[in-house]
Amino acid sequence: MERLALTFDDGPAEWTEPILDVLSANEAHATFFVIGSVLAERADLLLRIASEGHEIGNHTWSHPWLARDCDDERVREELERTNRVLEDLLGSPPTRFRAPHYDVDERVAAIGRRLGLEHTPGHVTPPDWDERCTAGFISTFVLQQARPGMIVGLHDGVPPTTRASRSRQPTVDAVGTIVPRLRERGLECVTAGTLLGAAW
């Protein structure tokens, strides 16, 4: 069966659990790029993600624009602080990271590599962070563009700096459509690490 990777940014959050339920029901796996500053209050959810065979990646401590706004020390601190929390909670550090807003350049990528982190791109990235997006738009966007070998980037949470009233329910509803449809097409949803290979 051909493969693509599902990834989720900005969690863990209240929308992570229903997404995990959909993945479990469809024997699908994903990578969750988590924000370090919210992990203390969501430790149980993080452990569920790991226990169900999903990959956990680093999405920085506070969700800044890394290449645009952060000097080397700030980039290192954002990634290293989240690495430490994940290692404390899970027993091992992550091996992948994703820069918020995909704001990465060679400088940021190199700092990540020195911390044992490889940056993970996204090939199909609907603007599901925009509150105007409907579940129908998100699912159509993904299903029209998804191909074997691609990485789909979605959001299961809201950054701590964003208005708290925002909801990721449209993404949850879209995932309920996307995952079984991909399976019908013969596409297996796997983690980014599985798709890209454990060795880099």
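A short reminder: the numbers here are calculations on the coordinates, not readings from a lab. Nothing here was measured: the structure is a model prediction, and the numbers come from that model. FYI the Cβ positions are ideal-geometry reconstructions off the backbone, even for glycines, and counts take in every protein chain you see.
A dipole drawn for the chain from +1 and -1 charges on Cβ atoms has a positive end, and of Ser24, Phe137, Ser165 the residue lying farthest that way is Phe137. What separates the Cα centres of the stretch 1-68 and the stretch 95-169 is a distance of 11 Å.
Roughly how big is the chain's charge dipole about its Cα centre, with Cβ charges of +1 (Lys, Arg) and -1 (Asp, Glu), in debye to the nearest 20?
So the magnitude is around 360 debye.
The residues packed around Pro12, meaning those with a beta-carbon under 12 Å from its beta-carbon, carry a net charge of -4 if Lys and Arg are +1 and Asp and Glu are -1. Asn83 sits among other residues whose Cβ lies under 12 Å from its own Cβ, and their net charge, with Lys and Arg +1 and Asp and Glu -1, is 0.
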